[in-house]
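Participant: Please read through the structure below; I'll follow up with questions.
The values are calculated or read from the model by the stated rules, or taken from the named source; none is laboratory data. Source: prediction; values computed, not measured. Cβ atoms come from the backbone with ideal geometry, glycine included; neighbour counts cover every protein chain shown.
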Amino acid sequence: MGSLVTAGEIIARFSAADPPARRSAPVSLKGSAKLRGDHDLNPDLYEPGRPLTDAAVLVPIVERTAGLTVLLTRRTDHLHDHAGQISFPGGRIDPGDQSPEGAALRETEEEIGLARTHINLLGRLDTYVVRTGFQVYPVVGLVTPPFSIEADSFEVAEVFEVPLSFFLDPGNKECRSREYQGKERYFYVYPYKDYFIWGATAGMLGNLAEILKG
C-alpha cells in the first residue's frame, strides 16, 4: 500500500496489528528472543542474560494540517547517555510508573512539556535493546494540536518535526558503518536536512514504517 496520510488510517493499522510479542521481528541469532536492537546488524553485541535497564519512549505522530509528522528531540551534548543524538522523548521506567505507557507520558511531560491530554496512545512497537544496556519500550501516540512545548534545557537541545511520509519512503533509510573499538559496526540512518537520525531511533522508525505499510 502507499504512504498512510490520515490519522484514521494509522489508528486502523494499529488496531489490526499483532501485539509486539506476536510480531515477527528480525531474529539475528539462533534461539534469541524476538527483540529488535543494535544486535540486528551486529550479532556479537547480543549478550544473553545481561542485566538491562527498562526504559520507555513516546513515538509522537502529530496531526498537522499539512500532513502527519513525527516529533523528535535532539539531546544536549553533555548528557552521559546518547549525548547529542536524535531521539524520542522518554527515559528510564521509575518504580512509581504503572506501565511503559505511563513512563513514556511522564517523561514526555518532563522533557518537552507536552501534556498527555493531547496524546492518544495507539500501541507499542517491538521492544528494542540498546548496546548501552537499555531495554526500550516504544509507545506510539497520536498528538492533537494545538499544544505548547517547553523543553527541559538540561536534557533537550532542540525539538523538531519530520514529515511521516519521509520515514515511509524506503529510499530514505540507509545502512552505514563505522569502526568502533576495532570492529566495523553497522547501523541504520535516516539523513534529513541537517539531522542525522540513526541507531535505536532509526531502528524504531523502521519498525513503525513496517507496521504502517502492513
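Participant: Quick check on the stretch 166-185: of everything there that is assigned to a strand (DSSP E or B) and more than 18 Å from the chain's Cα centre (by Cα), which residue is surrounded by the most Cβ atoms within 10 Å (Cβ to Cβ)?
Facilitator: The qualifying residue surrounded by the most Cβ atoms within 10 Å (Cβ to Cβ) is Arg185.
Participant: A further question follows. Hey, among Val136, Val130, Val143, which residue is closer than 18 Å to Arg13 by Cα and hydrophobic (A, V, I, L, M, F, W, C)?
Facilitator: Answer to the selection: Val143.
Participant: For Pro163, all conditions in the list (1) touching a residue at least 24 places away in the same chain (Cβ under 8 Å); (2) surrounded by fewer than 16 Cβ atoms within 10 Å (Cβ to Cβ) hold save one; what is the number of the exception?
Facilitator: (2)
Participant: Further, regarding this structure: Show me the strands (runs of 3 or more DSSP E) entirely contained within the stretch 1-96 in which 3 or more residues are over 15 Å from Arg124 (Cα atoms), at pLDDT 80 or above and of a type outside the set (A, V, I, L, M, F, W, C).
Facilitator: In the stretch 1-96, 53-64, 67-75 are the strands (runs of 3 or more DSSP E) which contain 3 or more residues that are over 15 Å from Arg124 (Cα atoms), at pLDDT 80 or above and of a type outside the set (A, V, I, L, M, F, W, C).
Participant: Which ones in the stretch 150-160 are surrounded by 12 or more Cβ atoms within 10 Å (Cβ to Cβ) and assigned to a loop (DSSP other than H, G, I, E, B)?
Facilitator: Selection gives Glu150, Ala151, Asp152, Glu155.
Participant: Show the residue pairs meeting these rules: Cβ distance below 8 Å; 6+ apart or different chains; first residue within the stretch 182-205 and in contact (Cβ under 8 Å) with a residue 12 or more places away in the chain; second residue of a type in the set (Asp, Glu) and part of a strand (DSSP E or B).
Facilitator: Pairs that qualify, where the first residue is in contact (Cβ under 8 Å) with a residue 12 or more places away in the chain and the partner is of a type in the set (Asp, Glu) and part of a strand (DSSP E or B), are Arg185/Glu179; Tyr188/Glu174; Val189/Glu174; Tyr190/Glu174; Pro191/Glu174.
Participant: Then there's this: Considering only the stretch 186-214, state which residues are in a strand (DSSP E or B), surrounded by fewer than 17 Cβ atoms within 10 Å (Cβ to Cβ) and touching a Leu at 6+ places or on another chain (Cβ under 7 Å).
Facilitator: Answer for the stretch 186-214, where residues must be in a strand (DSSP E or B), surrounded by fewer than 17 Cβ atoms within 10 Å (Cβ to Cβ) and touching a Leu at 6+ places or on another chain (Cβ under 7 Å): just Tyr186.
Participant: Can you tell me which residue among Glu101, Glu110 is in a helix (DSSP H, G or I) and buried (at least 16 other Cβ atoms within 10 Å of the Cβ)?
Facilitator: From the options Glu101, Glu110, the qualifying one is Glu101.
Participant: Here is a further query. Scanning the stretch 101-126 for residues that are touching a Lys or Arg at 6+ places or on another chain (Cβ under 7 Å) and either hydroxyl-bearing (Ser, Thr, Tyr) or more than 19 Å from Ala157 (Cα to Cα) (or both), which turns out modelled with the lowest pLDDT?
Facilitator: If we take residues in the stretch 101-126 being touching a Lys or Arg at 6+ places or on another chain (Cβ under 7 Å) and either hydroxyl-bearing (Ser, Thr, Tyr) or more than 19 Å from Ala157 (Cα to Cα) (or both), then Asp126 is modelled with the lowest pLDDT.
Participant: Related question: Just to verify a result, which residue in the stretch 34-70, among those that are out of contact with any Leu (no Cβ under 8 Å at 6 or more places or on another chain) and closer than 25 Å to Glu109 by Cβ, is surrounded by the fewest Cβ atoms within 10 Å (Cβ to Cβ)?
Facilitator: Thr65
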